[in-house]
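The values are calculated or read from the model by the stated rules, or taken from the named source; none is laboratory data. No experiment lies behind these values; they were computed from the predicted model shown. Neighbour counts run over all protein chains shown; Cβ positions are idealised from the backbone, glycine included. These area figures cover heavy atoms from the full protein model, side chains too; ligands, DNA and RNA do not enter into them. Shrake-Rupley method; radii C 1.70, N 1.55, O 1.52, S 1.80 Å.
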Amino acid sequence: MGKGKSDLTLPLSELEGYGSRLRSLKTRLDHTKKLFESYRDDIGDGSVNDALGDFESNWEDGREDITQQLDALAKMSDAVVREFRKLDDELAKQVNDKMRTEDKRPGKGNTGGK
């Protein structure tokens, strides 16, 4: 403290996009079956297609839990950014208000109308 650095820092620019990246990941996870099916003719080998089908079936069992967790993380990320910005705005307003009332130079600040 006192060396020009904040005691609390948060990489908001990185965190702002975190929720949308998590939602994008969730969307891609939800489309694995369509992706596998789109390559069915290109793969040609029935055993590979069967293995991909088995993977998709097993994957579906755990996907629900993963997507719920991704949704929760995305919501938390959005809330952290929103609340931190709100706090930052409130603190800046308080500092600005305090600076105006404490400036006792003639013609400056709020000194009771004098």
(request) Keeping to the range 65-98, report how many residues are farther than 17 Å from PRO11 by Cβ and hydrophobic (A, V, I, L, M, F, W, C). (result) 6
(request) Please go through the range 4-48 and pick out each residue that is open to solvent by 100 Å² or more (accessible area, probe 1.4 Å) and either touching a Pro at 6+ places or on another chain (Cβ under 8 Å) or of a type in the set (Phe, Trp, Tyr) (or both). (result) TYR39
(request) List every residue pair whose Cβ atoms sit under 7 Å apart, with the two residues 6 or more apart in sequence or on different chains, where the first one lies in the range 46-74 and is under 17 Å from LYS34 (Cα atoms) and the second, anywhere, is β-branched (Val, Ile, Thr). (result) ASN49/ILE43; GLU56/THR32; TRP59/THR32
(message) For a quick check of your reading of the model, give me the residue pairs whose first member lies in the range 15-34 and is farther than 15 Å from LEU73 by Cβ, whose second is open to solvent by less than 50 Å² (accessible area, probe 1.4 Å) and in a helix (DSSP H, G or I), with beta-carbon atoms closer than 7 Å and at least 6 apart or on different chains.
(response) ASP30/THR67; THR32/GLU56; LYS33/GLU56
(request) Out of the residues in the range 75-100 that are in contact (Cβ under 8 Å) with a residue 12 or more places away in the chain and of a type outside the set (A, V, I, L, M), state the one that is most open to solvent (accessible area, probe 1.4 Å). (result) LYS75
